[in-house]
There are 4 protein chains.
Amino acid sequence: MTRVTVWNEFVHEQENDTVAEIYPDGIHAVIADALEAGGFDVETATLHEPEHGLTEDVLAETDVLTWWGHAAHDQVEDEIVERVKHHVLEGMGLLVLHSGHFSKVFKSLMGTTCNLKWREAGETERLWVTDPAHPIAEGLPESFEVPEAEMYGEHFDIPQPDALVFNSWFEGGETFRSGCVFHRGKGRIFYFRPGHETYPIYHQDEVRQILRNAAEWAARDDDAPDITRGNAEPVEDIDTSDDRTVH
Amino acid sequence: MTRVTVWNEFVHEQENDTVAEIYPDGIHAVIADALEAGGFDVETATLHEPEHGLTEDVLAETDVLTWWGHAAHDQVEDEIVERVKHHVLEGMGLLVLHSGHFSKVFKSLMGTTCNLKWREAGETERLWVTDPAHPIAEGLPESFEVPEAEMYGEHFDIPQPDALVFNSWFEGGETFRSGCVFHRGKGRIFYFRPGHETYPIYHQDEVRQILRNAAEWAARDDDAPDITRGNAEPVEDIDTSDDRTVH
Amino acid sequence: MTRVTVWNEFVHEQENDTVAEIYPDGIHAVIADALEAGGFDVETATLHEPEHGLTEDVLAETDVLTWWGHAAHDQVEDEIVERVKHHVLEGMGLLVLHSGHFSKVFKSLMGTTCNLKWREAGETERLWVTDPAHPIAEGLPESFEVPEAEMYGEHFDIPQPDALVFNSWFEGGETFRSGCVFHRGKGRIFYFRPGHETYPIYHQDEVRQILRNAAEWAARDDDAPDITRGNAEPVEDIDTSDDRTVH
Amino acid sequence: MTRVTVWNEFVHEQENDTVAEIYPDGIHAVIADALEAGGFDVETATLHEPEHGLTEDVLAETDVLTWWGHAAHDQVEDEIVERVKHHVLEGMGLLVLHSGHFSKVFKSLMGTTCNLKWREAGETERLWVTDPAHPIAEGLPESFEVPEAEMYGEHFDIPQPDALVFNSWFEGGETFRSGCVFHRGKGRIFYFRPGHETYPIYHQDEVRQILRNAAEWAARDDDAPDITRGNAEPVEDIDTSDDRTVH
């Protein structure tokens, strides 16, 4: 059974009435609910728990970590960021959600600024499938709408994704690479754009389906290849004679 | 005229007689010579200069930075690393050479450990062109040998390159992705494997040709698109009525 | 001096008054004009010339071929398609324009259906730069509009491009990967979406700039690596003893 | 239960004693055995059956097709090639094995010559994992040897793979991209290099594990997105007024 840890900074829900109404128990509770409906074994963790709820033990027993943060990226301790990154490179799946694009974890794994354009105007977003062969698109229509969304627009400063699964259209005139796959070390990472806290986006069926698809796709392989590093013995005899010529 | 800054930590050459014999004026002097032969406007900079020779002014006037380091990665100040990274993302080309795979700059831009296997046994390396359409391969044979090399072997923990230009074979039984292209922000990055300090690799014709090709390819475009970020105005009128239904 | 051959089926301009008014001498004449303004050495060729104007001699002396076709894809002879494809794989650049997505040449090089959605409603298109590090984006703003365009929408059935330079937004609700880079053999290919015959799109400055950038980027390298094929001699001695064990 | 059809031209086994000894019931029988051991529902098909055993009905009920051919590529009828290609683009997985690189099906899907170097000298091959995050690498060591193999060497004329899972080293001095992933349409394709008919390669454990991993990864998603094509209705009202200016 795939074990998912749903992480949320859990700040907006406690400070903003609109958000609290949509997510009374926190965004993490609704994401967890979507995943449990898919048969995943789900735990949650939040910023203000000790070690942000992301101890070594927790991560060692996590197959996929989902990350939602926005207002408090800077409050995430660097030591925990390094710990999460280490676990991703060692095989833990990572789903980075919406404003998580600016989290320390994602920026560190991408190596770029992860900058973008944004506008909060309750506009319509349409997501189009650009890679119908990818398992994350399974069970979805070729496009679907998020009726009210915060806009994110290009240029999105990320490395070219290893696969581009969704491409977004916004009412106000922008596009965005909304579903991006990255392999890093032994880990599989999926960035998924929708999810602004003031709209009920994680209650929407297509979004919940994508979370489940992505968690299944990203889940740690228990027997991924065991990589060795450093000084290596040769298998073949090496001819160290100097009489070779440069061609 | 394309301006190249050749950076070298310049440690081995002052501490090891073998290296000093091959590179009496430093590895940077030989790399600079290869580039000057291609008509580039070349300056050099080294670790022990103030700000490692990489002031804001120097980087602002650099179209391509080449990076060679090995023994003293930790002595490169974090502030300079951030400065170099910023300039790359804003359009400065970057050529990362050999053991530079473990430099702070490269690891930060890749987001991975950049780990690999290695062995120092003076073995033969053969580099094969895997992307003959790439400008970095121009003027080269389909393969060439480095007669004595330090081995670097897979797994090389990097993001999948945007183009794989060279693939290496080693006498002792390993392969390595030796010529890797990455686009990051507005910047073009090329990682090139050969270049161990105890062998005269930067004196070799094919290697020098690759340095020139890569510098030409990576050079900053003075009029790359001017990217804006943050809050954006819509171009189209946005219909904020609530009567849309989720499809 | 880079030699470009501008190919056009040249059918609509002779049959449709609207098109004839915008392109009185054919679409190829306007594309040629845009390229000549960039210092290219330009020739044109059209469907109804012998061998469609694409003899072995013409292609052998072409560094970049541009392809515009729509109504008469089926009239292009298979032998010429194979000839063009062969030259691309041997290093000739290829710019495939707009409805050229359905040309035999492009479909054969992609290996997919190259299907898409379309709508002719004179709607606004906005092109966003998604890879500001790519030379094809040089000198462009981060986005620009085509005021009246035929819509092309996802899913666009192509292999994932090696680089995605432009992403389009359409007034009616679709997105499209509008500027796609592919390396094939020794050849560089760029697919560029805008260019419907009933709108003056090849008269537009940004579009003309992109044609020039792409032609410069795609141009044949005269000394690309000379690839050998077939039976190969070993460089290393091969140990054919049977006493090795499978690890 | 995933349904695999194992296709084999089945020529060498009936004409060559060495091959017949290693594969008395044909290569397909041994591949089928490897897959059945993984719980797949396996059927076989061969060249000399009517329609090469690949009727519409067979393909419609195939989740993954494996392809081994060498001596008789030209005897595969074009109509069947088109049929297989259509099914791949519509979602059927495809595993192309060894000399299948030169099959009509693979060349048509790649759009390139699929040329390579080769040498038959019974030399050792070592396969290195280059993408340990990919499910096809699951359960494997970081490298393994094929003790006697036909050599395939670069340049391998294929599009850059969407993921490079294995990189091969050969005793005689060559490298090869041996495990290549491609998304095409709704279909997932894996090219896997080892498998020469005169060596018992499909009897080897690691190779059999890779066949099972790849079949699981490539298997058709029954509910992949349903892509529509052609003329599309707009969702948004389109403003067709002419008063917009080109920016």
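The values are calculated or read from the model by the stated rules, or taken from the named source; none is laboratory data. It should be emphasised that the depicted structure is a prediction, and the values quoted were computed from it without experimental measurement. With ideal geometry, Cβ positions are generated from the backbone for all residues, glycine too; neighbour counts draw on all protein chains shown.
Applying the set (1) closer than 22 Å to D:L164 by Cβ; (2) more than 9 Å from every other protein chain (Cβ to nearest Cβ); (3) not in a strand (DSSP E or B) to D:T113 leaves exactly one unmet item: (2). When C:A224 is tested against (1) surrounded by 24 or more Cβ atoms within 10 Å (Cβ to Cβ); (2) of a type in the set (G, A, S); (3) touching a Pro at 6+ places or on another chain (Cβ under 7 Å), only condition (1) is not met. The set of residues in the range D:74-104 being over 9 Å from the mean Cα position of the chain (by Cα), under 21 Å from D:W118 (Cβ atoms) and not polar (S, T, N, Q) consists of D:D74, D:V76, D:F102, D:K104.
Within the range A:55-73, the set of residues being touching a residue at least 24 places away in the same chain (Cβ under 8 Å) and over 16 Å from the mean Cα position of the chain (by Cα) comprises A:E56, A:V58, A:A60, A:E61, A:A71, A:A72. Please go through the range A:160-195 and give me each residue that is among the β-branched types (V, I, T) and surrounded by fewer than 24 Cβ atoms within 10 Å (Cβ to Cβ), ordered by number. Selection gives A:V181 alone. D:G173 - would you say it is at positive phi and free of Cβ contacts under 8 Å to residues at least 60 places away in the same chain? Yes. For D:E9, the conditions (1) within 16 Å of the chain's Cα centre (by Cα); (2) acidic (D, E); (3) surrounded by fewer than 23 Cβ atoms within 10 Å (Cβ to Cβ) are fulfilled apart from (3). Restricting attention to the range D:168-213, the residues that are over 23 Å from C:D162 (Cβ atoms) and of a type outside the set (A, V, I, L, M) total 22.
The residues on offer are A:R126, A:R83, and the sole one that is on the phi < 0 side of the Ramachandran plot and either more than 13 Å from chain B (Cβ to nearest Cβ) or modelled with pLDDT under 95 (or both) is A:R83.
How many of the residues making up the range A:87-125 are under 28 Å from A:T228 (Cα atoms) and not aromatic (F, W, Y)? Residues in the range A:87-125 being under 28 Å from A:T228 (Cα atoms) and not aromatic (F, W, Y): 17 in total. Could you grab me the full set of residues in the range A:112-140 that are under 15 Å from the mean Cα position of the chain (by Cα) and surrounded by 24 or more Cβ atoms within 10 Å (Cβ to Cβ)? Residue satisfying the conditions is A:I136 alone.
Rundown of residues vs (1) closer than 25 Å to D:A20 by Cα; (2) of a type in the set (S, T, Y); (3) modelled with pLDDT of 95 or more, yes/no style:
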position: D:G172; (1), (2), (3): no, no, yes
position: D:F176; (1), (2), (3): no, no, yes
position: D:F182; (1), (2), (3): no, no, yes
position: D:G185; (1), (2), (3): no, no, yes
position: D:Y191; (1), (2), (3): yes, yes, yes
position: D:D239; (1), (2), (3): no, no, no
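Contact map, the range D:187-199: residues that are within 14 Å of chain A (Cβ to nearest Cβ) paired with residues that are crowded, with 23+ Cβ neighbours inside 10 Å and among the aromatic types (F, W, Y), Cβ distance under 8 Å, separation 6+ or inter-chain. Pairs shown: D:R188/D:F182; D:I189/D:F182; D:F190/D:F182.
Summed over the range A:200-220, residues that are more than 17 Å from the chain's Cα centre (by Cα) and either within 11 Å of chain D (Cβ to nearest Cβ) or part of a helix (DSSP H, G or I) (or both) total 2.
Within the range C:141-159, the only residue that satisfies the criterion of being touching a residue at least 60 places away in the same chain (Cβ under 8 Å) and surrounded by 23 or more Cβ atoms within 10 Å (Cβ to Cβ) is C:V146. Of the residues making up the range B:102-118, at least one is β-branched (V, I, T) and more than 23 Å from C:H134 (Cα to Cα).
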